[in-house]
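Structure record follows, encoded as C-alpha cells.
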Amino acid sequence: MSSEWISAIAGLAGAVIGGLCTLMGVKKQLAAGTADQKRREASHHRAILQALHDELETVAEVYKSSIGNQIGALPKGQPFFYFWPVSSEYFGIYHSNAVFIGHLKDNDLRKALVQTYTYAKALIDSFRLNNAFVEKHQQAALITNQAPTDTNKHMLNAAYQQLVSYAETLQESHKRFERNIEDTLRRLRKAGVLTESDSH
C-alpha cells in the first residue's frame, strides 16, 4: 500500500475520531445544560410554593387574630354583630401564579391549593353579606328608636333573626376554611417548602 493511501486513511481516521470527540463533548454540554435548567426550574417552583405557603400562613394568622377567634367562639343561636371590613386583595401571590398552580404535578396539592383559596374567597363573601345584614339591623334599630311603631319593631326583629340565621352559615364557612387551610399548609410543608434550597 502506498504512503499516500496510508496518509489518507490516517487522516480520515483522525477526522472521524476528532468528530466523535467533538460530538461527545457537545452531548455532554447539552446534558449538563439540561440538568442545570431542571435544577433552576425546580428551585423556581419551590420558591413559588414557599411564597404560597407564606401567603396562606399570614392570611390564617391575620384572620384568626382579627375576627376568626370571635366567630369561632360565637354561641349557637346568637347573631354576629361585628362589622369586619374585608378586602379581596389578600391573595396576590395566588393570582399571579395561577398558571403555575394549574400545572402542578402533585394532583392532591394542586386541588388543596385551589380549594383553600376558593373557600377563603367564599368566607370573605360571607363576611361581606353579614356586614350588609349588620348595617340593615343598625338602620332598623335607629328607625325603631325614633319611631317605635309595631311595623318598625317587626322590621327590627326580622333584621335580628336574619343575623341569627346567617351566623350559622358564617360559622360553617369559618370552620371549613380553618380545616382546609391547615390541611393545605401541612401538604406544602410535606412537599418540602420549608427546607433550604440546595446551592448549585
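Brief remarks on what is shown
- Within the span defined as the range 63-77, every residue fails to be loosely packed, with under 15 Cβ neighbours inside 10 Å, of a type outside the set (S, T, Y), modelled with pLDDT of 90 or more and farther than 19 Å from E172 by Cα.
- Restricting the range 159-200 to residues that are closer than 30 Å to R39 by Cα and touching a His at 6+ places or on another chain (Cβ under 6 Å), the residue that is modelled with the lowest pLDDT: V193
- Any hit, the range 122-129, residues being under 17 Å from E182 (Cα atoms) and touching a helix residue (DSSP H, G or I) at 6+ places or on another chain (Cβ under 8 Å): yes
- Selection of first residues in the range 145-170 that are closer than 16 Å to G72 by Cα and of second residues that are hydroxyl-bearing (S, T, Y) and surrounded by 12 or more Cβ atoms within 10 Å (Cβ to Cβ), restricted to Cβ pairs under 9 Å at least 6 apart or on distinct chains, gives the following pairs, ordered by first then second residue: Y166/S126; T169/S126; L170/S126.
- Failed item in (1) modelled with pLDDT under 95; (2) touching a helix residue (DSSP H, G or I) at 6+ places or on another chain (Cβ under 6 Å), with A140 passing the rest: (1)
- Any hit, the range 177-189, residues being over 20 Å from N97 (Cβ atoms), in contact (Cβ under 8 Å) with a residue 24 or more places away in the chain, in contact with a Gly (Cβ under 8 Å, 6 or more places away or on another chain) and in a helix (DSSP H, G or I): yes
- Of all residues in the range 65-82, those that are assigned to a helix (DSSP H, G or I) and touching a helix residue (DSSP H, G or I) at 6+ places or on another chain (Cβ under 8 Å) total 4.
- A120 vs. criteria free of Cβ contacts under 8 Å to residues at least 24 places away in the same chain and either farther than 25 Å from E168 by Cβ or small (G, A, S) (or both): no
- Whichever residue in the range 79-104 is surrounded by fewer than 14 Cβ atoms within 10 Å (Cβ to Cβ) and under 14 Å from V59 (Cα atoms) and, among such residues, is modelled with the lowest pLDDT: S88
- Positions within the range 123-144 being β-branched (V, I, T) and either farther than 14 Å from W84 by Cβ or touching a residue at least 60 places away in the same chain (Cβ under 8 Å) (or both), in sequence order: I143, T144
The values are calculated or read from the model by the stated rules, or taken from the named source; none is laboratory data. Source: prediction; values computed, not measured. When we count neighbours, we look across all protein chains shown, and the Cβ atoms used for this are built from the backbone with ideal geometry, even at glycine.
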